[in-house]
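Engineer: Quick one: structure below, then a few questions.
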Number of protein chains: 2
Amino acid sequence: MPSSVQPGAGQLAITQSFSVAVSGAHDASLDEEVQRFQTQLSRQTGIPFRRQPGAAPALQVHADHGRQAVQKLGEDESYELTVTDSGAKLNAPTTLGAMRGLQTFIQLVGITPMGFAVPAVTINDSPRFPWRGTMIDVSRHFIPVDVLKRNLDGMAFVKMNVLHWHLSDDQGFRAESKRFPKLTGMGSDGMFYTQEEIRDVIAYAHDRGIRVVPEFDIPGHSRSWFLGYPELASGPGPYALEGGGPGYVDPVMDPTRESTYKFLEKFIGEMAKLFPDAYFHIGGDEVNGKQWNANPKIQDFIHAHGMKNNQDLQAYFNVRLQKILAKNHKIMVGWDEILRPDLPKTIVVQSWRGQASLAAAVKLGYSGLLSYGYYLDLMGPASRHYLVDPMAITPPTTLAATPDAPLTPEENARILGGESCQWAEWVTPENIDSHIWPRNAAIAERLWSPQNVTDVSSMYARMNAASLGLEWLGLTHRSARTLMLRRMAGDGDIAALRVLADVVEPVKDYDRSSEEKRPIDFHAPLTRLIDAAYPESDTARFFANLVQTYIASGYKDQDAEKQIRMWLVLWSNNDSHLHSLLETSSLLQEDETLSANLSGVASAGLQALDYLDKSQTAPDSWKTQQMALINQADKPSADMLLMVVAPVQRLVEASSAHN
Amino acid sequence: MPSSVQPGAGQLAITQSFSVAVSGAHDASLDEEVQRFQTQLSRQTGIPFRRQPGAAPALQVHADHGRQAVQKLGEDESYELTVTDSGAKLNAPTTLGAMRGLQTFIQLVGITPMGFAVPAVTINDSPRFPWRGTMIDVSRHFIPVDVLKRNLDGMAFVKMNVLHWHLSDDQGFRAESKRFPKLTGMGSDGMFYTQEEIRDVIAYAHDRGIRVVPEFDIPGHSRSWFLGYPELASGPGPYALEGGGPGYVDPVMDPTRESTYKFLEKFIGEMAKLFPDAYFHIGGDEVNGKQWNANPKIQDFIHAHGMKNNQDLQAYFNVRLQKILAKNHKIMVGWDEILRPDLPKTIVVQSWRGQASLAAAVKLGYSGLLSYGYYLDLMGPASRHYLVDPMAITPPTTLAATPDAPLTPEENARILGGESCQWAEWVTPENIDSHIWPRNAAIAERLWSPQNVTDVSSMYARMNAASLGLEWLGLTHRSARTLMLRRMAGDGDIAALRVLADVVEPVKDYDRSSEEKRPIDFHAPLTRLIDAAYPESDTARFFANLVQTYIASGYKDQDAEKQIRMWLVLWSNNDSHLHSLLETSSLLQEDETLSANLSGVASAGLQALDYLDKSQTAPDSWKTQQMALINQADKPSADMLLMVVAPVQRLVEASSAHN
């Protein structure tokens, strides 16, 4: 949603003679963006454009200035787009802003009874935050370049401007170092990016107005470094990528040895040249200190230097690290845990812990980014992410750092923006798109649009439209599921399986990887129904809204009732259609309970609807029986939740409370 | 269907430790094929394979000999595949045969209650015909390299071994010539393959065991040559690619001028080097002779050389052409019309006219290929293609050349095989896959499998399985329609539109491009429902089978009746769901009648079912009314046919004839 939208009268038809002219400043990025824009528009409308010689271009683009060779934080992204029934003008101070405006134009194109058209409108637009990113973990599961590229296309579509590339973690080191080839040679299972590929991704991102910030997570989350370079570790090893279990995350760098800094100096020197962005992320999260505690030399070092604890040791490490980065003209970024007053105010703290932690950082004079609330891998609904604002401390947390006063304008100005996070425990190249999209569009809007744009149902309408647009770009967030369901079903028909898949969601937060379920085998297939299921069920949301409408109407809305009944009939019959398939596929056997629950709950809903329809009160014994069934169906099964249980429960409760 | 299949007991489990070992001869093609095989198997099963050190490979591949550097017609493609519950062995005389066997293995993998597995089996397999091709026209609509490549993947999957690349025609010249750059420079609208791209496609095809035979269609179908080189033409010009209408196809080369042969000598010399295959297709079809008739010099030439007519002139042209080809070590291939006894017996005649024409050619001692009956662009069902056999003259034709005796074994041996043809009047990169696949798999089976494999319902079961396999290869024959429907529907839900799309088919044969509908604008968008519709409706075939089952049971099969009723209810309600969408989209307005007809016909079917269900005879007046509606709905609307009209008509007729 742009910062300002003034609707006009009429519409601009998109015809076969549609063309774009560029005047003022232009550079390779804008020229290529215009090319891509035309291809994308042609793909979306199916019109093969053919410029008519001499005809005026339908869209005139003008930029006052070119953009920076290396995109800077805060570079002007504003633009003004005016569409009338005779043409469109896009003006921007920079070519970067013009690129943003072209994406807005694409999103305005729709089909009408007279053909494809853009409604007349005047838009003045600029982002609320200068840093709007997506973090992608490529360590737990490797994500190939082509998958990254289509996600960059998606990010550009929703005007995000930072790819935070989480390149190393316990499970794999993914960026080639020529100075330290064993980092990937022994620490990556052969799946990593060459420097040429990294440059290619950076150039691809730059062409789309996206900065690339690398993260090498140290001193913790660093097991993969130690396969090739065990001398960096605080414990004796040996180290392997495989395995899991409680001790798996203990390995940590040894900050007490000068050789560690010599290594990092060389490594960061190499990476600083490879990644042109001014910012460099060093991770710094979740050091559990076990290896430090177990190493007497490290404990001696702590005492000898007058440090009180492991946190002091990590702060010492960070201060030295920051100096290395500064020497390489890089600004340090790290997770909450790096926050210590002994670091210079130039650093950026990225908060996974919460808005209070972020507020604490900016009160101390640091810059900050919010990621708490934007963890896509926790499988929350888009609405939950959408309502998390980097500048609003909701919900309150109990962290010691909670500020007792609202932030001043100066403090707020140090909140640079935020980043969604896609941790990769449960994604492969096949399903990562559906874990990121379309929910990432809601986070992108939170970071771009004015703070008071918060209407959830209006957001969902835009998100659904964006989801379609993303498909034209080649994102597989919707198409991949069909193939995954077919894999499960073999030669069987997937219609009934799709009905089930449409109303389930993966369990939330860390329930799938809870302690008792570890160790996680990062080499296991991710081919279960949970892996194909969307994080948020559109059908369930739609159904819950129908039930809400029906109840709010005092059970009088017959159209809502008819639709509710149609869904319930479909679901109540579904288990009988699906059952034989569930038995014949090893991948589906675990879903028998879920399928039976769906049909059982739907039958309860139909009975409830009958009572409501006839204005009868359901007997208590019936209600007791149905509630037992509903409570059973509300529990996770095969790591999934049946999302229509709650609305059916509302019907059951309404039918027994009726009159 | 392999030539010989012996089922065994048990199955071979496909586990994470699955691996392949190659012994005997191997070459780059086989090594890469094994790599692709593992990737494909991993994709299809979702299992990330990890070879266990020391473990025996589950599949042992052995080839006795390598393959030819340039694939030869008739090169050995046989293989033997033995699968037991403890492992699989694939043996072949050549690496080419081993490649075929790997595709068979992939197709045997299925999901079971115990995981993915291949049933125990012994297969001895070799092709019936050595030439099994797909012709793709890239002139009417340009088909980019990536689209060709995925279709080559599909061809390899169904063991086809020739891509016949129709590179020039009236609407565009698509292959770069360095000697004659104006061929593409002026004759292609900028859309053509560079020589580098051509070499890339040839190498890609070779890696998959596919020969590439280029076609440059002359002397007719050659308008695109004349934009850059009007001196080749028999008429005065000027020539343009645009336009259409009756005279559009008249331009033809001038066979009376020596300069024409000088040009062709240089051109063919260049192309003969570019395309390594031993065969070279010169088209030769559909010369209407109008330009020859209108050119007095040409008529003088005909008389001066004692020729009787234009056919004699074309024969003269072909004889000279054949000599040029022979000098370049190429064997000439052409369409039926080139058949004249003055050409050497080495040439190959490709028959678009019929099996009788093919038989006539082989009786004269020529080799032949059948394409009649395999025209995918005519929108026939797979069953129709499937039952056309190159060696069986069915249906009888009335062509003068009809042989009066069956072919001798020697004559039959000159039938090299056949080719499906995808002419490109009505396809774009977006929908071409769905026009070729999965029906092309049925033609591939006709050309590979024994002549007595003709069971249609068994073919459909295999074709449906192949269709799923093709999706894993990246073919878009099923996925593209969803996007096309979304384009039509804008932000609207496509469920009801899909219901309609599922039961329609494009009009057949040349009905879409009939004379009164010309000129065809080859630059118009192909974004109508007809362009998204599949050539063959699975749903309609399935429904017709249900009706057949129900009627054959004497109206007693209650399961069939229940399913019929379910479909009829869905369709009878569909127009009300779809109607508002049809009104709001310019691309859907033309489909209002079709949608209304579907619901109307379905309602008639429901009433008929009620009569049958109650063993009542429907009144004559009712029947008259319904038949009027049915006859109306049976007519094409928006260039589409409603494929469920015929089975509903059977129900209506049954209900009124009942008792």
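The values are calculated or read from the model by the stated rules, or taken from the named source; none is laboratory data. All values reported here derive from a predicted model rather than from experimental measurement. Neighbour counts run over all protein chains shown; Cβ positions are idealised from the backbone, glycine included.
Engineer: Please work out if residue B:591 is surrounded by 22 or more Cβ atoms within 10 Å (Cβ to Cβ) and charged (D, E, K, R).
Structural biologist: In short, yes.
Engineer: Would you pick out the residues in the stretch B:432-456 that are farther than 16 Å from residue B:159 by Cβ and surrounded by fewer than 23 Cβ atoms within 10 Å (Cβ to Cβ)?
Structural biologist: B:435, B:451, B:452, B:454, B:455, B:456, listed by residue number.
Engineer: Okay, next question. Looking at the stretch A:90-111, is at least one residue in a helix (DSSP H, G or I) and more than 23 Å from residue A:440 (Cα to Cα)?
Structural biologist: Among the residues of the stretch A:90-111, at least one is in a helix (DSSP H, G or I) and more than 23 Å from residue A:440 (Cα to Cα), which makes the answer yes.
Engineer: For the stretch B:180-187, indicate whether the set of residues that are closer than 13 Å to residue B:271 by Cα, at pLDDT 95 or above and under 25 Å from the mean Cα position of the chain (by Cα) is non-empty.
Structural biologist: No, the conditions are met nowhere in the stretch B:180-187.
Engineer: Is it true that some residue in the stretch A:571-593 is in contact with a Phe, Trp or Tyr (Cβ under 7 Å, 6 or more places away or on another chain) and of a type outside the set (Val, Ile, Thr)?
Structural biologist: So in the stretch A:571-593, the residues in contact with a Phe, Trp or Tyr (Cβ under 7 Å, 6 or more places away or on another chain) come out as none.
No, every residue in the stretch A:571-593 fails to be in contact with a Phe, Trp or Tyr (Cβ under 7 Å, 6 or more places away or on another chain) and of a type outside the set (Val, Ile, Thr).
Engineer: Only one of A:291, A:299, A:322, A:311 is among the polar types (S, T, N, Q) and either in contact with a Ser or Thr (Cβ under 6 Å, 6 or more places away or on another chain) or part of a loop (DSSP other than H, G, I, E, B) (or both); which?
Structural biologist: Exactly one residue qualifies, and that residue is A:291.
Engineer: Let me spell it out: the conditions are (1) more than 13 Å from chain A (Cβ to nearest Cβ); (2) polar (S, T, N, Q); (3) buried (at least 18 other Cβ atoms within 10 Å of the Cβ), and residue B:479 meets all of them except one. Which number is the exception?
Structural biologist: (1)
Engineer: Looking at the stretch B:140-178, which of its residues are out of contact with any strand residue (DSSP E or B) (no Cβ under 6 Å at 6 or more places or on another chain) and β-branched (Val, Ile, Thr)?
Structural biologist: Residues satisfying the conditions are B:143, B:145, B:147, B:158.
Engineer: Quick one: in the stretch A:60-78, of everything that is in contact with a helix residue (DSSP H, G or I) (Cβ under 7 Å, 6 or more places away or on another chain) and of a type outside the set (Asp, Glu), which residue is nearest to the other protein chains (Cβ to nearest Cβ)? Please lay out each step first, then the result.
Structural biologist: As a first pass, look at the stretch A:60-78 and keep what is in contact with a helix residue (DSSP H, G or I) (Cβ under 7 Å, 6 or more places away or on another chain): A:61, A:63, A:66-67, A:71, A:75-78.
When the remaining residues are screened for being of a type outside the set (Asp, Glu), the result is A:61, A:63, A:66-67, A:71, A:78.
Values: A:61: 23, A:63: 27, A:66: 29, A:67: 29, A:71: 30, A:78: 27 Å.
Step by step, filter the stretch A:60-78, then rank; the result is A:61.
Engineer: Moving on. Test residue B:470 against the criterion of being at pLDDT 95 or above, more than 11 Å from chain A (Cβ to nearest Cβ), farther than 30 Å from residue B:188 by Cα and over 21 Å from the mean Cα position of the chain (by Cα), and give yes or no.
Structural biologist: It is false that residue B:470 is at pLDDT 95 or above, more than 11 Å from chain A (Cβ to nearest Cβ), farther than 30 Å from residue B:188 by Cα and over 21 Å from the mean Cα position of the chain (by Cα).
Engineer: Let me ask you something else. Of (1) within 23 Å of residue B:166 (Cβ to Cβ); (2) among the basic types (Lys, Arg); (3) in contact with a strand residue (DSSP E or B) (Cβ under 9 Å, 6 or more places away or on another chain), residue B:345 satisfies all except one. Which?
Structural biologist: (1)
Engineer: If I ask for residues that are over 24 Å from the mean Cα position of the chain (by Cα) and assigned to a helix (DSSP H, G or I), which ones from the stretch B:329-361 would you list?
Structural biologist: B:360
Engineer: Checking the conditions here, which among A:602, A:618, A:654, A:628 is away from chain B (no Cβ under 14 Å), among the small types (Gly, Ala, Ser), surrounded by fewer than 17 Cβ atoms within 10 Å (Cβ to Cβ) and not in a strand (DSSP E or B)?
Structural biologist: Of A:602, A:618, A:654, A:628, the one residue that is away from chain B (no Cβ under 14 Å), among the small types (Gly, Ala, Ser), surrounded by fewer than 17 Cβ atoms within 10 Å (Cβ to Cβ) and not in a strand (DSSP E or B) is A:628.
Engineer: Test residue A:446 against the stated conditions and say whether it is closer than 27 Å to residue A:345 by Cβ, more than 14 Å from chain B (Cβ to nearest Cβ) and either among the polar types (S, T, N, Q) or touching a strand residue (DSSP E or B) at 6+ places or on another chain (Cβ under 6 Å) (or both).
Structural biologist: Spelling it out, it is not the case that residue A:446 is closer than 27 Å to residue A:345 by Cβ, more than 14 Å from chain B (Cβ to nearest Cβ) and either among the polar types (S, T, N, Q) or touching a strand residue (DSSP E or B) at 6+ places or on another chain (Cβ under 6 Å) (or both).
Engineer: Something else about it: Please determine, by comparing only the residues of the stretch B:112-169 that are more than 30 Å from residue B:15 (Cα to Cα) and among the polar types (S, T, N, Q), which one is nearest to the other protein chains (Cβ to nearest Cβ).
Structural biologist: B:139
Engineer: With the condition kept exactly as written, say whether any residue in the stretch A:42-58 is in a helix (DSSP H, G or I) and either at positive phi or free of Cβ contacts under 8 Å to residues at least 60 places away in the same chain (or both).
Structural biologist: Yes: one or more hits.
Engineer: So, in the stretch B:598-622, exactly how many residues are over 17 Å from residue B:543 (Cα atoms) and of a type in the set (Ser, Thr, Tyr)?
Structural biologist: 4
Engineer: Would a scan of the stretch B:562-575 turn up a residue that is free of Cβ contacts under 8 Å to residues at least 24 places away in the same chain, in contact with a helix residue (DSSP H, G or I) (Cβ under 9 Å, 6 or more places away or on another chain), surrounded by 15 or more Cβ atoms within 10 Å (Cβ to Cβ) and within 23 Å of residue B:460 (Cβ to Cβ)?
Structural biologist: Yes, the conditions are met somewhere in the stretch B:562-575.
Engineer: Taking the options A:477, A:523, name whichever one is under 28 Å from residue B:115 (Cβ atoms) and in contact with a Phe, Trp or Tyr (Cβ under 6 Å, 6 or more places away or on another chain). First the steps, then the outcome.
Structural biologist: Numbers: A:523 fails: in contact with a Phe, Trp or Tyr (Cβ under 6 Å, 6 or more places away or on another chain).
When all the criteria are applied, what remains is A:477.
Engineer: With the requirement that a residue be in contact (Cβ under 8 Å) with a residue 60 or more places away in the chain and aliphatic (A, V, I, L, M), what does the stretch B:1-21 give you?
Structural biologist: Hits for the stretch B:1-21 are B:1, B:5, B:9, B:12, B:13, B:14.
Engineer: Please verify whether residue B:270 is more than 30 Å from residue B:100 (Cα to Cα), among the acidic types (Asp, Glu) and in contact with a Gly (Cβ under 7 Å, 6 or more places away or on another chain), treating the condition exactly as stated. Before you say what the answer is, go through the steps one by one.
Structural biologist: Details: more than 30 Å from residue B:100 (Cα to Cα): yes; among the acidic types (Asp, Glu): yes; in contact with a Gly (Cβ under 7 Å, 6 or more places away or on another chain): no.
Taking the combined requirement at face value, the residue does not satisfy it.
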